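Peer 1: My questions all concern the structure below.
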Amino acid sequence: MPWTLGVPLLADESLSSWLVRAALRQGCDPLALTGAIWPGWRVWTRDVDRDIPLARLSPLVKASGIPAAKFQQAALRGACERINGHPLSDNRTWPWLLALGTRNRVRHSGQQCCQLCLAQDATPYFRREWRFAWHVGCPLHGVTLIDDCPVCQAPIEPHRLVAEDGHLSQCSRCRFDWRHTACTPISQDTLRFQQIADEVLQANPVILGKKGVTASDWFAATAFLLGVIRRASHRPASALTHTLRSLEIPVTEGLLPVTGLPFELLAVSERSTLLTATQRALDVGLVEIFAAFRKNEVMATALHDPRKPPPMVIRSIMATGTTHQKTPRSGLQKPHQPKSERAVRAAWARLQRRMKTEIP
Ligand SMILES: [Zn+2]
Ligand SMILES: [Zn+2]
């Protein structure tokens, strides 16, 4: 049976936001609305912003009068698969998408919002991009996003609102209206990574280390760099940390997330510090950073978990470094030629071996 009150899905709105708005507009709890559309399917125990499976779309299309294609466009799966370069499994954390940490209907984190965007909306709604892990601020309003209630620190869980609440710019625990809470300004420097990553998501190819790569290569390379910076902040006295500092990439204890959790589970404040440092590293340039690692005899094992080899784009930059740079041992400079994947793998293995043997 179609709803009497239509609720349009807005161009940049997340699926969960729309479902909650649709429920409140019909005067019912989000849980009651989704229970009526999908009896027996516990939609709020999954991350509905990722997508609504095709097999589940038909009752929603009938009730809302919105075509299935619109729901598919609003889903984050397409963007996330472009970022990762391959299909993503439902049961795992998706790299670069904030994880909800769902246990039954209760969440630990994963939703962010800008209070000033909510304040200017005729009907407050949540943007799709607020779910991306590289989003830490609002470029429109120059403020930090909030990822928990500024009053009671509860996670942002609009699906737990009830019919009487009326709008979703409020805490589902303490009911405080976030449009009336103070905002924290964010610097342009902190927003730079976010703005570049947004552009990368739309572009193909993108430039990295002076060559064209895919968006998924770019995200893989920056995730690797971010991991290197996190590892360095664990080891303040290491050659790795010394090298990064010599390139004016800030590596401090302040970068160390207290929990040690994966990036997609970190608080907005922790992510924004890490991304600011990662952007500085991108400004220096990957080729230059790896040349400095070689010069300072930073072992490859210091850079990453040995069970997780660097992405191909990084291996290729490292291999390029070995041919471009004059090595202290051999003094040889070979001309640069395009390399096959096999050659890059071999060069990487040689580099690893040499780095190990050159350490006294
Ligand atoms: Zn805003
Ligand atoms: Zn609250």
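The values are calculated or read from the model by the stated rules, or taken from the named source; none is laboratory data. All values reported here derive from a predicted model rather than from experimental measurement. Virtual Cβ from ideal backbone geometry, glycine too; neighbours counted across all protein chains shown. Surface accessibility is based on the protein's heavy atoms, side chains included, excluding ligands, DNA and RNA. Shrake-Rupley method; radii C 1.70, N 1.55, O 1.52, S 1.80 Å.
Peer 1: What number, in percent, do you get for the relative contact order of the chain if the mean sequence gap of Cα pairs under 8 Å and at least 6 apart is divided by its residue count? Walk me through the numbers on the way to the answer.
Peer 2: On the way: 504 pairs, mean separation 51.0, N = 360.
This gives 14 percent for the chain.
Peer 1: Need the C-alpha centroid separation for the range 120-181 versus the range 216-278, integer Å.
Peer 2: Here the two parts' Cα centres lie 27 Å apart.
Peer 1: Would you count, across the chain, every pair of lysines whose alpha carbons are under 27 angstrom apart, provided the pair is eight or more residues apart or spans two chains?
Peer 2: Total qualifying Lys-Lys pairs in the chain comes to 23.
Peer 1: Let me ask you something else. What residues qualify as long-range amide H neighbours of Q170, i.e. H under 5 Å apart, gap of 5 or more or another chain, H built at 1.01 Å from N?
Peer 2: W178
Peer 1: Can you pull the three principal axis extents for the Cα set of the chain, in Å, largest first?
Peer 2: Principal-axis extents of the Cα atoms in the chain, largest first: 78, 41, 32 Å.
Peer 1: Now, a different point. Kindly provide the helix-only [θ] at 222 nm of the chain, computed as the sum of -39,500 (n - 2.57) over DSSP H runs of four or more divided by all residues, to the nearest 500 deg cm²/dmol? Provide the component values of the computation, followed by the final result.
Peer 2: Details: 13 runs with 152 residues, N = 360.
That comes out to -13000 deg cm²/dmol.
Peer 1: Would you tally the net charge around S272, using a Cβ to Cβ cut-off of less than 12 Å, leaving S272 out, and scoring K and R as +1, D and E as -1? Provide the component values of the computation, followed by the final result.
Peer 2: Numbers: positive: R192, R271; negative: D147, D189, E270.
Computed value for this residue: -1.
Peer 1: Considering the chain, which cysteines have no disulfide-compatible partner, defined as another cysteine with its Cβ under 4.7 Å away?
Peer 2: Among the cysteines of the chain, those whose Cβ sits 4.7 Å or more from every other are C28, C80, C113, C183.
Peer 1: Report, by chain and number, residues whose modeled amide H sits under 5 Å from the one on G137, excluding near sequence neighbours (fewer than 5 apart, same chain).
Peer 2: For G137, whose amide H was placed from the backbone, the distant partners under 5 Å are L145.
Peer 1: For the range 121-134, what does the Karplus curve 6.51 cos²θ - 1.76 cosθ + 1.60, with θ = phi - 60°, yield as ³J(HN,Hα) per residue in whole Hz, taken in order and with x for Gly and Pro?
Peer 2: 6, 5, 10, x, 8, 9, 7, 4, 5, 5, 8, 6, 5, 8
Peer 1: Please give the Cα centre distance for the range 299-313 versus the range 1-60, rounded to the nearest Å.
Peer 2: Each part reduced to its Cα centre gives a spacing of 42 Å.
Peer 1: For the range 15-180, give the percent of accessible area contributed by carbon and sulfur heavy atoms, probe 1.4 Å, rounded to a whole number. List each step's numbers first, then the result.
Peer 2: Working: 3510 of 7010 Å².
Carbon and sulfur: 50 percent of the exposed surface of the range 15-180.
Peer 1: Please give the net charge around Y125, taking every other residue with its beta carbon less than 12 angstrom from that of Y125, where Lys and Arg add +1 and Asp and Glu add -1.
Peer 2: On the way: positive: R21, R25, R127, R128; negative: D12, E13, D121.
Computed value for this residue: +1.
Peer 1: How large is log10 of I(q)/I(0) for the range 110-191 at q = 0.14, 0.18, 0.19, 0.24 Å⁻¹ when the intensity is taken from the Debye formula with one equal scatterer per alpha-carbon?
Peer 2: After summing over all Cα pairs, the log10 values are -0.42, -0.71, -0.79, -1.25.
Peer 1: Something else now. Size of the dipole of the chain about the Cα centre, Lys and Arg at +1 and Asp and Glu at -1 on the beta carbon, nothing else charged, in debye to 20?
Peer 2: That gives the chain a dipole magnitude of about 1620 debye.
Peer 1: What is the log10 of I(q)/I(0) for the range 58-206, computed with the Debye formula using one identical point scatterer on each Cα and no solvent, at q = 0.16 Å⁻¹?
Peer 2: -1.06
Peer 1: Mind grabbing the accessible area of E129 for me, 1.4 Å probe, Å², rounded to tens?
Peer 2: Using a 1.4 Å probe on the heavy atoms, I get roughly 80 Å².
Peer 1: Now for a different question. Taking only protein heavy atoms into account and a 1.4 Å probe, give the accessible area per residue of the range 15-180 in Å². Write down the numbers at each step before the final one.
Peer 2: Numbers: 7010 Å² over 166 residues.
Here the residues of the range 15-180 average 42 Å² of exposed surface.
Peer 1: What does the highest-first list of 28-39, 222-233 look like by mean Cβ count within 10 Å? Walk me through the numbers before you get to the answer.
Peer 2: On the way: 28-39: 17.3, 222-233: 21.1.
Sorting 28-39, 222-233 by mean packing, highest first, produces 222-233, 28-39.
Peer 1: Taking 0.36 nm per residue of separation and subtracting the Cα-Cα distance, what length does fully extending R46 through A68 add?
Peer 2: Length difference between fully extended and current span is 6.0 nm.
Peer 1: Something else: Only Cα pairs under 8 Å and at least 6 apart count here; give the relative contact order of the range 15-180 as a rounded whole percent.
Peer 2: 25 percent
Peer 1: Here's a follow-up. Set the Förster radius R0 to 45 Å, insert the Cβ-Cβ distance between F176 and K210 as r into 1/(1 + (r/R0)^6), and round the FRET efficiency to 0.05.
Peer 2: In this case the efficiency is close to 0.35.
Peer 1: For the range 1-42, what's the relative contact order in percent, using C-alpha pairs closer than 8 Å and at least 6 residues apart? Kindly include the intermediate steps, with their values, before the conclusion.
Peer 2: Working: 23 pairs, mean separation 12.2, N = 42.
Dividing the mean separation by the residue count of the range 1-42 yields 29 percent.
Peer 1: Let me ask something else. What is the ratio of the Cα radius of gyration of the range 1-114 to 2.2 N^0.38 Å, with N the residue count, to two decimals?
Peer 2: Details: Rg = 14.1 Å, N = 114, 2.2 N^0.38 = 13.3 Å.
Ratio of Rg to 2.2 N^0.38 Å for the range 1-114: 1.06.
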